[in-house]
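Notes follow once the structure below has been shown.
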Amino acid sequence: MSDPQPAKLRYAWYVVIVLMLANVSSFIDRQILALLVGPIKRDLHLSDTEMSLLMGFSFALFYTLFGIFIGHFADKFNRRNIIIAGVAMWSLMTALCGGIKNYTQFFFARMGVGVGEATLSPSAYSLISDYFPPNKLSRALSTYSMGVFLGMGLAILVGAGLISALPTEGMVHIPIFGSIYPWQLMFFYIGLPGLLIALLVLSIKEPDRKESLEQQKIAKPSLSEALKIIWQNRSAYSAIVLGTSFTAFANYGTSAWVPTYFNRTFDWAMPVIGLKFGLIVTIFSGLGVLVGGWLADRYVRNGAKAGRVYVGIISGVGILVSAGNFLLGNPDLILLSLAIPAFFMAFPLGAAAAAVQELMPNRVRALASSIFLFFINMVGMGGGPYVVAFFTDSVFGDESMIRYSLVALYLIGGIATILCFWLGLKPYQRILAARAAA
C-alpha cells in the first residue's frame, strides 16, 4: 500500500498526538493513587489488599465490562464522539473522588472513572488504523501508547510535587463537598483539566473506514457476528492478548507498589520517590514503546511478518532478567536498574495493538481492541497490584518483605509473557501467510 499524501500524513500525526494527550490524561487519573497509599490507608483504615482493590480491581472491573460493549458501538458509530463523551466522564468522576466520605463511595467513583476511560483506546486504535498504512501503523500506535507511560510517569512526577504542597494534617473545606482530607484535593487538580482535553478532541475528524466488511455484506455486524469473526483468529489473537497482558501485569504492579517499596524499605519520602521514579518511567518507558514500534515496523518492512510478535518475546526476556533488581543493597542502584524493566514493559504495546488491528477486519477492530484491553486491565491492573499485596500480606505476612513480592511479580510476568508470545508465533505467521496467498 502506498503512503498517504504528505499533508494527509501530517494531519494523521496530529490526530495521534491529540489522542495521545487524552491517553496521558487517562493514566494520570488512574495512577495517582500510587502516591497516596499512606494517607488513604491511614484516613480510611485500609489494608494493603483493600488498597490494591481500590487501585486496580474497582477501576478494571467496569473498565473491562463496559469496554466490550463500547468497543462494539465504536465499530458502528462515530468514534471521535464516543471518545469526547468518555474523556468528559472520566474527568468528572476523578474530580468526584475528591468528595468521597468512605471506602465504598471511593470504590464506586473509581468504577465511574473506569467506564469513562473504557471509551478511549478501542476507539483510538480503530480510528488511527484508518489514518495510517500498515508499514507505519506500529509507530503510530506506539506513539499513541506512549501516553500510557507518560501518564504513569507524570502522575508520579507531578503528583509528588503537588502532594508536597498540600497540608499534612487537618481537614480542608470545599464548597458542595464540605470538609475533606487534604490528599483529596489531588483529585480536583488532576480531574478537572481533563475537560479541556475533551474540547481538543473536537478538533479531529472521523476518518473513512478502510478494509471494511461491506464487500462481505456485513456492513455492521451484530455482536455475535463480530465475536465469530474474532474467534476465527483465536490462536494468534489470544496469544498476543495474553502476552501483552502479562507485560501490563508487571507494569501495573511496579507502578502501584514501587513508591511504597522505597518508602518502607529505605524510608524515602514520597515526593523524593515521585521525582526520581517518575523521571525513570517517563523517559525509559516512553523510549521503550517508541523503539518497540519502530523495531516492529522495521521487521515488517524487511519481510518478517511476525516481527510484532518477536517484539513481545524480547519484552518478556527484559522483564524476567530484571527480577533480581529489588535484591540489590543500594537504593540508588535499585532505582537506576528499574530503567531496564521500565523500557521492556512498554516495549510491545504499540506493536501488539498493531498486530490486533492487522488480524481483524475494520468493523470488528474496536471490539477486538476492547477485548484486548479487557485482558490487559483484568490481568494487569487487576492482577499486578493484587499479587504484590497478596505475597506481602498472605505469603510473607510482613510489610517489610515487599521486595520479595516484587521479585515474584517479575518472575511471573516475565515467564508468562515469553510463553504466550512464543505460542502465538506460528499461528500468527500462518494467518498472515494464508491472507497473502488469498
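Read-outs: derived from the displayed coordinates by stated rules, not from any lab. Here the structure is a predicted model, which means the values were calculated and not measured. A quick note on method: Cβ atoms are made from the backbone with ideal geometry, for glycine too, and the neighbour counts reach across all protein chains shown.
I'd like the Karplus ³J(HN,Hα) series for segment 315-332: coefficients 6.51, -1.76, 1.60, θ = phi - 60°, whole numbers in Hz, and an x wherever there's a Gly or Pro.
Ordered by residue, 3J(HN,Hα) equals 4, x, 5, x, 5, 4, 6, 8, 4, x, 4, 6, 9, 5, x, 8, x, 5 Hz.
In a shell of Cβ-Cβ distance under 15 Å around GLN429, excluding GLN429 itself, what net charge do Lys and Arg (+1) and Asp and Glu (-1) give? It would help to have the intermediate numbers written out before the result.
Details: positive: LYS305, ARG308, LYS426, ARG430, ARG435; negative: GLU358.
Around GLN429, the charge tally is +4.
Once the Cα atoms of helix 270-280 and of the chain are each reduced to a long axis, what angle between those two axes, in degrees from 0 to 90 to the nearest 10, is obtained?
Around 20 degrees separate the two axes.
Among ALA368, ALA88, ALA22, which one shows the biggest mean-square fluctuation in a GNM of the chain, springs joining Cα atoms closer than 10 Å?
ALA88
From the phi angles alone, apply the Karplus equation (6.51, -1.76, 1.60; θ = phi - 60°) to segment 401-413 and give each ³J(HN,Hα) in whole Hz, x where the residue is Gly or Pro.
8, 4, 4, 6, 5, 6, 4, 4, 4, 6, 5, 5, x
What is the Cα centroid distance between segment 392-438 and segment 94-129, reported in whole angstrom?
26 Å
Taking the Cβ of LEU44 as the center, what net charge do the other residues with Cβ under 15 Å away carry, scoring Lys and Arg +1 and Asp and Glu -1?
Neighbour charge sum, excluding LEU44 itself: +1.
Can you sort THR282, THR265, THR104 from fewest to most other Cβ atoms within 10 Å of each residue's own Cβ?
If I rank by nearby Cβ atoms, fewest first, I get THR104, THR265, THR282.
Based on alpha-carbon centroids, what's the gap between segment 321-369 and segment 220-257 in Å, whole number please?
Value for the Cα centre distance between the two parts: 14 Å.
What shape does segment 237-368 have by the C-alpha gyration tensor, where a ≥ b ≥ c are the square roots of the eigenvalues, rounded means a/c under 1.5, and otherwise prolate means a/b greater than b/c and oblate the rest?
Prolate, since a/c reaches 1.5 and a/b exceeds b/c.
What percent do you get for the relative contact order of the chain when only Cα pairs under 8 Å and 6+ apart count?
Here the relative contact order equals 27 percent.
Which whole-number percentage describes the relative contact order of segment 339-438, with Cα contacts under 8 Å and a sequence gap of 6 or more?
18 percent
Give me the distance in nm between label points sitting 7 Å out from Cα along the Cα-to-Cβ direction at SER164 and LEU336, one decimal.
It is 2.2 nm.
Could you give me D for the chain, from Stokes-Einstein at 4 °C and 1.567 mPa s, where the hydrodynamic radius is the Kirkwood radius over C-alpha pairs? Units µm² s⁻¹, please. Provide the component values of the computation, followed by the final result.
Numbers: Rh = 21.7 Å.
The diffusion coefficient I find is 60 µm²/s.
Give the angle, between 0 and 90 degrees and rounded to the nearest 10, that separates the Cα long axis of helix 6-31 from the longest principal axis of the Cα atoms of the chain.
30 degrees
Could you tell me the distance between the Cα centroids of segment 144-164 and segment 258-318, to the nearest Å?
That distance is 14 Å.
Quick check: convex hull over the Cα atoms of segment 41-160, volume per residue in Å³, rounded to an integer?
119 Å³
With a Cα-only, solvent-free Debye model of segment 348-438, what are the log10 I(q)/I(0) values at q = 0.10, 0.17, 0.24 Å⁻¹?
Scattering profile of segment 348-438, log10 relative to I(0): -0.40, -0.84, -1.22.
Got a sec? How would TYR14, TYR144, TYR386 order by Cβ neighbour count within 10 Å, fewest to most?
The most exposed by this proxy come first: TYR14, TYR386, TYR144.
Within 10 Å of each residue's Cβ, count the other Cβ atoms and sort VAL272, VAL158, VAL309 from fewest upward. Could the numbers behind the result be given before it?
On the way: VAL272 15, VAL158 19, VAL309 30.
Ascending number of Cβ neighbours within 10 Å: VAL272, VAL158, VAL309.
Going by alpha carbons, how many degrees (0 to 90, nearest 10) lie between the helix axis of 120-129 and the longest principal axis of the chain?
30 degrees
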